[in-house]
Amino acid sequence: MTIGYPISSENPAISHTILNESGYFKRDLKKAISYFKKANQKGSADSAFFLAFLLQQTLLVEDFDKYLPEAVDIRNVITSLYLKGLERGSHLVRAALAASHKQCLNSRQTPPPSFLKQNITFPFYSAPVFNDRRCGGSCEEIGGYALAVASETLSYIDKNYIEERTIGRLDMEEQNIYGKDTERALMLANKKYDESSNYQGYASLGNHFLYGNPQIGIERNIDQAIHYYEKAAEQNNVQALENLGMVYSQGNKVKKDTQKAIEYLEKAISLGSSQALHTLGMMHLTGNGVEKDIQKALEYFESAAKLGNLDSLNSIGVLYMNGEGVKRDYLTAGQYFQAAASFGHAPALFNLGVMYFKGLGVQRNCQLALELFQKVREKGELAQIILRAYTFYKSGDIEGAYLTYMLGAALGFENAQLSLGYMWEKDLVPLHCKYDKTYCAASYYTQAAQMHQSPWAFFRLGDLSYYGSQNIVPNYEEAYEFYEKAMNIPEAEFNKAYMLEYGIGVDKDLEKAEMEYQKIVEKAVNGEIEYEAMYPAEIALHALKWKQYLKEFPIFDSMIEVISE
């Protein structure tokens with residue numbers, strides 16, 4: 001396997017033949033490529049994607065060269081493989097093309113650092129569409145791919161009870177709250193909850209087991225989830241009652257028991273649960289264990305929606321969009337979808353995307369539909385790649401982390417791109433950049449800047465342009481432009497003010513520099529940025545005002561100039 005999965009060498013179910021001497025997953029890239037080629041010849045959809053994906057890496061990392069053919073027309077081969085993947089219905093190819101299409105369009109207004117373009121015919125950050133004028137296809141074509149991937153994402157979420165769990169960029173992730181000894185931590189948590197009668201704590205543990213949480217070393221286990229939920233339900237914990245009702249009503253990885261499900265749900269409703277109302281609504285809508293009754297389902301949905309339930313807001317929107325139990329009304333449907341989507345509800349984001357993509361009750365807007373479908377993708381199966389990469393990293397398997405983030409970046413996930421940039425900057429990558437680590441870091445930051453207009457990516461590109469490296473000459477003008485785009489990043493705003501104060505890469509403007517320092521202080525006080533960002537800005541502001549005051553006295557003027565230099 002190319003990447004593998006995070007595994008423990010202490011797991012008795014794991015064969016040690018798949019572990020290396022460090023206890024991490026044993027990878028064999030040469031063998032993986034051989035299998036991908038054979039699978040591709042047999043018509044495998046995703047094998048075409050992986051071959052193209054690995055070939056793209058040769059544009060950036062020299063370690064991949066030895067595994068792939070020399071003297072190949074990289075652009076044409078990659079394009080050919082992507083087309084094969086599309087013909088075969090690869091969801092990976094669809095996701096990658098949708099992401100790169102957006103990046104390609106945005107690149108026209110967001111150029112990369114000039115050092116990325118020097119003497120390179122096909123820069124890595126522009127793959128797989130490169131300089132194609134159509135950016136891989138029309139919005140309608142790409143939108144069709146994005147819609148299909150988003151639809152698969154919703155199916156995955158529904159089937160696996162997925163709870164959204166956001167994993168940030170690598171440099172911001174917190175340490176494992178339980179440490180390596182998860183079993184001991186759970187034992188102590190159990191004891192603590194027993195002694196304090198903390199039944200919400202049991203409900204939280206139930207959530208970890210229901211969805212699985214590799215960040216704290218917990219694998220998915222429905223039986224364990226039910227065990228903790230039942231302990232919490234004994235004391236009428238609403239969340240536990242809701243989830244027990246959902247689990248028993250769906251019968252996914254547990255024996256279905258409609259009567260038990262209804263008992264739990266009705267008890268939760270008596271305690272004010274909107275989610276239990278929604279679950280009963282879904283049971284009547286689909287005829288799951290009860291007689292199908294759309295009107296009754298609508299009544300449950302409306303009651304839950306009044307309590308702010310996002311699932312029910314979306315479900316009412318679906319009924320209006322399809323004309324089920326109510327007269328078809330796209331405008332009303334869109335209002336319900338918008339209400340739920342504004343809180344990041346994945347099915348509502350998808351349905352709103354469909355309306356904009358097809359022009360149902362709204363003016364057709366393909367680009368907006370693509371953005372909505374991307375937000376859905378970030379909540380499903382493919383997004384779990386980021387969680388897996390982080391789990392590799394925390395376990396010490398840096399190679400696994402890099403390869404997994406690499407896959408996430410190719411599929412358009414911003415935090416994967418930012419994490420790879422960070423790994424190259426900090427010399428954490430166990431591979432060799434073809435050019436310079438600054439070049440490799442900037443390649444991934446450029447992807448994030450162009451694809452997502454990421455403020456953090458613009459900040460890092462500003463620093464890389466400002467400082468340069470052994471092989472890259474600093475470019476202060478470009479650095480200033482990148483800092484300007486790094487909205488609400490205190491470090492970037494401070495650097496911009498400093499450059500204005502001293503005329504670095506921009507005309508010297510003390511009045512504007514003072515305004516920029518002052519803005520940082522005001523944002524910090526208002527809670528728009530970290531409060532600590534105020535202190536260096538205040539110091540710089542007072543120093544600037546003091547220098548301006550002293551300039552009024554000729555005797556100090558030349559001294560100030562010397563100090564400033």
*Where a Cα-Cα gap under 26 Å defines reach, which lysines qualify for residue 545, not counting those fewer than 8 residues away within the same chain?*
496, 508, 512, 519, 523
*Compute the separation of the alpha-carbon centres of segment 368-383 and segment 67-135 and state it in Å as a whole number.*
20
*When we measure straight from the Cα of residue 426, which lysines land under 20 angstrom away, once same-chain ones fewer than 8 places off are left out?*
394, 434, 437
*On a 0 to 90 degree scale, rounded to 10, what angle separates helix 437-452 from the longest Cα axis of the chain?*
50
*Using θ = phi - 60° and the Karplus relation 6.51 cos²θ - 1.76 cosθ + 1.60, list the HN-Hα couplings for segment 480-486 in order, rounded to whole Hz, with x at every Gly or Pro.*
4, 5, 5, 4, 4, 8, 7
_Exposure of residue 209 as accessible area (Å², to 10), given a probe of 1.4 Å and all protein chains_ = 20
*Amide H within-cut-off set for residue 61, under 5 Å, with H built and near neighbours excluded*: 434
*Protection proxy ranking, peptides 46-56, 415-425, average beta carbon neighbours within 10 Å, highest first*: 415-425, 46-56
*asked:* Compute the helix-to-body angle for 366-377: its Cα long axis versus the longest principal axis of the chain, expressed 0 to 90° and rounded to tens.
replied: 70
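Go ahead and run the numbers for FRET between residue 484 and residue 292, Cβ-Cβ distance against an R0 of 60 Å, rounding to 0.05. Provide the component values of the computation, followed by the final result.
Values: r = 58 Å, r/R0 = 0.96.
According to the calculation, E is roughly 0.55.
Please list 437, 327, 523 from largest to smallest accessible area, probe radius 1.4 Å, with all protein chains kept in place.
The most accessible residue leads, giving 327, 437, 523.
For residue 427 and residue 526, compute 0.36 nm times the residue count separating them, minus their Cα-Cα distance, and round to one decimal in nm.
On the way: separation 99, 0.36 × 99 = 35.64 nm, distance 3.66 nm.
Fully extending the segment from residue 427 to residue 526 adds 32.0 nm.
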*Give me the log10 of I(q) over I(0) for the chain at q = 0.07, 0.09, 0.10, 0.12 Å⁻¹, as the Debye formula computes it from C-alpha points; what are the numbers?*
-0.52, -0.85, -1.02, -1.30
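For segment 290-368, what is the Kirkwood hydrodynamic radius in Å, using each pair of distinct C-alpha atoms? Please list the in-between numbers first.
Values: mean 1/r = 0.0796 Å⁻¹.
12.6 Å is the Kirkwood radius here.
Which entries of 231/260; 30/117; 306/358; 159/375; 102/379 have Cα-Cα distances beyond 25 Å here? Write down the numbers at each step before the final one.
Numbers: 231/260 16 Å; 30/117 30 Å; 306/358 29 Å; 159/375 19 Å; 102/379 19 Å.
Going by Cα-Cα distance, 30/117; 306/358 fall outside the 25 Å limit.
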*What ranking do 302-311, 130-139 get when scored by the average of other Cβ atoms within 10 Å per residue, highest first?*
302-311, 130-139
*In segment 87-170, what GluC sites (Glu not before Pro) fall in a loop by DSSP, with at most 14 other Cβ atoms inside 10 Å?*
163, 164
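Quick one: compute the contact order of the chain, relative version, from alpha carbon pairs under 8 angstrom and 6+ residues apart, as a percent. Let's see the in-between values first.
On the way: 832 pairs, mean separation 64.7, N = 565.
It rounds to 11 percent for the chain.
Counting only C-alpha contacts under 8 Å and six or more residues apart, can you give the relative contact order of segment 238-358 as a whole percent? Kindly include the intermediate steps, with their values, before the conclusion.
Numbers: 173 pairs, mean separation 17.8, N = 121.
Relative contact order, segment 238-358: 15 percent.
The values are calculated or read from the model by the stated rules, or taken from the named source; none is laboratory data. Remember, predicted model here, so these are calculated numbers, not experimental data. FYI the Cβ positions are ideal-geometry reconstructions off the backbone, even for glycines, and counts take in every protein chain you see. With ligands, DNA and RNA removed, areas are computed over all heavy atoms of the protein, side chains included. Shrake-Rupley method; radii C 1.70, N 1.55, O 1.52, S 1.80 Å.
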